[in-house]
Amino acid sequence: MLQTVVTPTSLGDLRKALKQAPTATFMAGGTLVMPMINEGAHGVSTLVSLSKLGLDSISFKKGVATIGAVAPIAELARHSELKFLSVAIESIASPTLRNMATVGGNLFAEQPYGDLAVCLVALDATVTIVNAKSKRSAPVEEVVKKGLKAGEIVTLVSFTIPKAGTFKYAKASRRVLNSASIVTVAAVIPLAKGLVADCRIALGGVAAKPIRAKSVEKLLNGKPFNGKIVTAAAAAAAKDIEPFTDAYASAWYRERVAPVHICRALLRDAAGKA
Amino acid sequence: MKGSVVSITLNGVERETLVAPGTTLLNLLREHQSLTGTRRGCDQGTCGSCTVLVDGKAKLACLIPVETIDGSRVETVENLAVNNDLHPLQQAFVEGFATQCGFCTSGMIMAAKGLLSVNPKPSRAQVIQAISGNVCRCTGYESIIDAILAAAARMGRPIKKSA
């Protein structure tokens, strides 16, 4: 049963709260934690809200975006620098939920949710993590895979804004709006002299955590970027994924359509047309 | 288990309430303030029937422990009608038969109000997007979308003083 809800207003207060309740559950926007609490039988006795730590600022410096972990996902859409993410943002839940769900919280959404985390893996984002004593940074890719240690929270997410036209995104879902992922594809495909250079392709909906499609990346790097090469490379995604069956789609279906959506994401033009 | 006092400006009036830990905004509205216009549907954030405005933004009251919004402004459907005059959104829902069983209606109206406050002239697609988190099992949504667009058009016109 819930005994205490703490809303610290500074990192110092947060650290104090952590010392008092080392096993506290953290909450940012509440869209993941509160459904569990409302269900009952949750075992949470102390809930620490991160909403008043002032970790909701969004800033840009020298082409790098730095986003407070508690910034609501809806806020990202207000910045012209992040316009490249607007298709991805609009594919996540509903506007009402996006007013609540946070950038940092999305890293801990269970698949097949967490499409922003998939984007952040593709963007090679880094997070700042603090605990009661210290501070460290880690790649988002590692955090989504391994999670955090007890008592740690993500405070900032930062990434280099990709060159215009290099960010790609597609999401397959049962409905056009407000539905979980069957396959989510986010990618950054830089070209150098007409050849793909160090691309990053991240997938959601096709494994227990957001993953990189490393086999596909390998086949694309150094190659010209065209439909034939992308289609051939996308077929290799079967080696990277470990799809699951849920209410939205079967593992069989996810495996069959993953390459299709990789092609759609990569070959779609900037206006989002296939 | 220690309760705490939270202060919320509720429909324009500051209210201090002593709440048990983790009391949701939905419980505060319905159980402490007798504002039952805000509906409890799923308690999971998936149906949208508890949508209210918190500091002007549409949010789900069932997912908010009130300790986390101490000092905020909350607006519920009860604040829309002025004396006996329905808000244009409410009027459009009545006229357009956009409400059948009525369970989703207050959530739909508050989600629409959140949209119109930042985008007074939304496109049909923007209205559909705005209510994409609100489930209605009666209407098939079209009459709701039409009503929101009708209300937006009405609110865009200069206000006529009634005699």
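Averaged over the residues of peptide B:44-52, the number of Cβ atoms from other protein chains lying within 10 Å of each residue's Cβ is 4. First obtain the Kirkwood hydrodynamic radius of the range A:103-199 from its Cα pairs, then insert it into the Stokes-Einstein equation at 4 °C and 1.567 mPa s, and state the resulting D in µm² per second as a whole number. Value of D from the Cα-based Kirkwood radius: 88 µm²/s. If only the Cβ of Lys and Arg carry +1 and only the Cβ of Asp and Glu carry -1, the dipole of the range A:116-274 around its Cα centre is close to 140 debye. Taking a straight line from the alpha carbon of residue A:239, these aspartates and glutamates sit under 17 Å away, with near neighbours fewer than eight places off in the same chain left out: A:217, A:255. Of the cross-linked pairs A:171/B:59; A:146/A:171; A:83/A:168; A:61/A:223, those separated by over 21 Å at the C-alpha level are A:171/B:59; A:146/A:171; A:61/A:223.
The modelled label-to-label distance between residue B:18 and residue B:32, using points 7 Å beyond Cα along the C-beta direction, is 1.1 nm. Each residue, residue B:137 and residue A:66, gets one label point 7 Å from its Cα in the Cβ direction; the gap between the two is 4.9 nm. Relative to the Cα centre, the charge distribution of the protein assembly as shown, modelled as +1 at Lys and Arg Cβ and -1 at Asp and Glu Cβ, gives a dipole magnitude of about 1280 debye. If a spin label sat at a point 7 angstrom from the Cα of residue A:142 along the line to its beta carbon, the backbone N atoms of the range A:100-132 nearer than 14 Å would be those of A:125-130.
For the range A:80-169, GluC sites (Glu not before Pro) meeting the loop criterion (DSSP other than H, G, I, E, B) and having at most 14 other Cβ atoms within 10 Å: A:110.
Between the listed residues B:94, A:122, B:62, the Cα displaced farthest toward the positive end of the dipole of the protein assembly as shown, a dipole computed from Cβ unit charges relative to the Cα centre, is found at A:122. Dimensions of the range B:33-163 based on its C-alpha atoms, expressed as ranges along the principal axes with the largest first, amount to 43, 33, 25 Å. Listed by chain and number, the lysines whose alpha-carbon sits under 25 Å from that of residue B:2, ignoring those within fewer than 8 places in the same chain, are A:16, A:19, A:52.
Radius of gyration over Kirkwood radius for the range A:1-156, both on Cα atoms: the Rg/Rh ratio is 0.95. Kirkwood Rh over Cα pairs of the protein assembly as shown into Stokes-Einstein at 4 °C, 1.567 mPa s: D in µm²/s? In µm²/s, the coefficient rounds to 56. Report the FRET efficiency, 1/(1 + (r/R0)^6), for residue B:100 and residue A:1, where r is their Cβ-Cβ distance and R0 is 41 Å, rounded to 0.05. Calculated transfer efficiency: 0.60. Label zone of residue A:166 (point 7 Å out along Cα→Cβ, amide N under 14 Å): in the range A:64-86 this covers A:64-65.
Each residue, residue A:246 and residue A:20, gets one label point 7 Å from its Cα in the Cβ direction; the gap between the two is 3.5 nm.
Bear in mind these aren't lab numbers, they're just calculated from the coordinates by the rules spelled out. What you see is a predicted model, and the numbers here were worked out from it, not measured in a lab. Cβ coordinates were reconstructed from backbone atoms using ideal geometry, including for glycine residues, and neighbour counts include every protein chain displayed.
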